[in-house]
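J.: There's a structure below that I have some questions on.
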Amino acid sequence: MAKNKRHFPRWPVTLLATILLMLWTFPLQAADLQPVRLMLQWSHQAQFAGYYVALEKGFYKDKGLDVSIVPGGPGLDAADFLIRGQVDFASLWLSAALARSEKDIPLVNLAQVVNSSNLVLMTWKKDNISTLSDLSGKKISVWGGDFRAPYAAWLQAMNARPELVPQYYSVNLFLQQGVVACSAMYYNEVHMAYQTGIDMDELKLFFLRDDEFGFPEDGIYTTRDALAKNPEQARNFREASLAGWKYAAENPDEALEIVMQYVIKDNVPTNRPHMKWMLEKILTSVIPGTQDAWAFGRLSRQDYSRTVQVMRQQGLLQQSPTYEDFTDGGLGYVP
């Protein structure tokens, strides 16, 4: 008796060829992407929206990069990770990058993302602080480290001599009226105070930038050695990141949705209204308006020199690289 023959489906030659081609090319495409790690200064939040957008919209992939975003947080210094070679790029404040360049190995500013300062001193309107000199003899809380220099120089220049109290990760001491003023970011702590039930008209804010003591904040950094070894990768990362920020500014609702994906996934203790406020405010510091003197994505020579001068006055910096060395010529492409 003849054995039963097994019948297999007859695939069209063109379909079979297509499947084989896909199986052949997809692994090659993935292998061609260069793995890259970016570390943030803090946990996932709208302050870093442009990087999430660049990743989710495929801007990094289009540049041949397989990017992993590493959140920071308490006790996690992005500069440390960058200097030790544990990440390839880091989002750092200008003052932090300058300080680490002097103490450790040279860092290079690939792009200046946040050009307009968001630092404020938050006071109670009921205390009738009309000028900074009114703070003399009163207790105020100020962040330490790299955040302290602008405040210290500002208060000194304004002839204010308050008693400085260390400020950590919250403004609770101010909210409980243990101090008459505290340091804050306009896009963050100011709105956090509002969400506790305080009306904005109960507060009086003093912006450091109004007295020319607000310095550039978040920038994209790598080490000088890493840049020398792979300048194309650094250029591609810079261009894709700035494209992400431009897209976020042009599509803020979509950018907010992307931010919330990261927030929810990591269980970050925040909420959508706060992230919306943060995104709106940070974007005004990233994308220049018609009256702004700074350019998108670039650190100006004037802002660099001003920051170096204040850090030296405060004893936080003895030596500094030239502007050209610190910015790799200062002439990077801005999309």
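What follows is calculated from the coordinates using simple rules that are stated; it is not laboratory data. Only a predicted model underlies this, so the values are computations on that prediction, with no experimental measurement involved. Here Cβ is always computed from backbone atoms with ideal geometry, including for glycine, and neighbour counts include all displayed protein chains.
J.: Using only the Cα atoms of segment 215-277, each taken as one equal point scatterer with no solvent, compute I(q) by the Debye sum, divide by I(0), and report log10 of the ratio at q = 0.19, 0.20, 0.23, 0.28 Å⁻¹.
T.: After summing over all Cα pairs, the log10 values are -0.89, -0.92, -0.99, -1.11.
J.: Please report the net charge: other residues with Cβ closer than 10 Å to the Cβ of residue 91, K and R +1, D and E -1.
T.: Surrounding charge for residue 91 is -2.
J.: May I pose another question? Could you state the number of Å between the C-alpha centres of segment 251-319 and segment 82-102?
T.: If you average the Cα positions of each part, the centres end up 16 Å apart.
J.: In addition: What number in nm² do you get for segment 255-335 if you take the convex hull of its Cα atoms and divide its surface by four?
T.: Value for segment 255-335: 8.3 nm².
J.: Could you go through segment 171-179 in sequence order and give the Karplus-derived ³J(HN,Hα) for each residue, using 6.51 cos²θ - 1.76 cosθ + 1.60 with θ = phi - 60°, rounded to whole Hz, and x for Gly and Pro?
T.: With coefficients 6.51, -1.76 and 1.60, one gets 10, 4, 4, 5, 4, 8, 6, x, 9 Hz.
J.: Another question, if that's okay. Take the Cα atoms of segment 119-211, find their three principal axes, and give me the spread along each one in whole Å, biggest first.
T.: 33, 28, 25
J.: If you don't mind, another one. For the chain, what is the largest minus smallest coordinate of the Cα atoms on each principal axis, given in angstrom and ordered from greatest to least?
T.: Cα spread of the chain along its principal axes, largest to smallest: 107, 47, 39 Å.
J.: Among the listed pairs 103/138; 138/281; 139/281; 61/246; 103/281, which have their C-alpha atoms separated by more than 25 angstrom in this model?
T.: 103/138; 138/281; 139/281; 103/281
J.: Show the residues, 5+ positions off or on another chain, whose built amide H is closer than 5 Å to the amide H of residue 65.
T.: Placed amide hydrogens put 34 under 5 Å from residue 65.
J.: For segment 252-294, what does the alpha-carbon gyration tensor say about shape, rounded, prolate or oblate, given a ≥ b ≥ c as the root eigenvalues, a/c under 1.5 as rounded, and a/b over b/c as prolate?
T.: Prolate shape, in that a/c is at least 1.5 and a/b is the bigger ratio.
J.: So, one more: Projected onto the charge dipole of the chain (+1 at Lys/Arg Cβ, -1 at Asp/Glu Cβ, origin at the Cα centre), which of 147, 307, 236 gives the Cα projection farthest towards the positive end?
T.: Comparing the listed Cα positions along the dipole, 236 ranks first.
J.: Multiply the residue gap between residue 84 and residue 130 by 0.36 nm, knock off their C-alpha separation, and tell me the result in nm, one decimal place.
T.: Answer, rounded to one decimal: 11.9 nm.
J.: Need the list of aspartates and glutamates near residue 276 for cross-linking: C-alpha distance under 15 angstrom, and skip anything on the same chain fewer than eight residues off.
T.: Cross-link targets: 189, 250, 253, 254, 257.
J.: Continuing with this model, one more query. Using just the helices of the chain, give the 222 nm mean residue ellipticity in deg cm²/dmol: DSSP H runs with n ≥ 4 each add -39,500 (n - 2.57), and the total is spread over all residues, rounded to 500.
T.: After summing the helix terms and dividing by residue count, I get -12500 deg cm²/dmol.
J.: Sort 55-61, 39-45, 213-219 for me by packing, meaning the mean count of neighbouring Cβ atoms within 10 Å per residue, highest on top.
T.: 213-219, 39-45, 55-61
J.: Quick one: of the DSSP bridges fully inside segment 119-211, what percent are antiparallel, nearest 5?
T.: About 60 percent, rounded to the nearest 5.
J.: Take the Cα of residue 211, step 7 Å along the line toward its Cβ, and report every residue of segment 128-154 whose backbone nitrogen sits under 15 Å from that point.
T.: Of the residues in segment 128-154, 129-138, 140-142, 148-154 have backbone N under 15 Å from the label point off residue 211.
J.: Okay, next question. How far apart, in nanometres, would the label points at residue 158 and residue 228 be if each is projected 7 angstrom from Cα along the Cα-to-Cβ direction?
T.: 4.3 nm
J.: Now for a different question. Mind ranking 115-127, 260-272 by how tightly packed they are, going by the mean number of other C-beta atoms within 10 angstrom, highest first?
T.: Taking the mean over residues of other Cβ atoms within 10 Å, the ranking is 115-127, 260-272.
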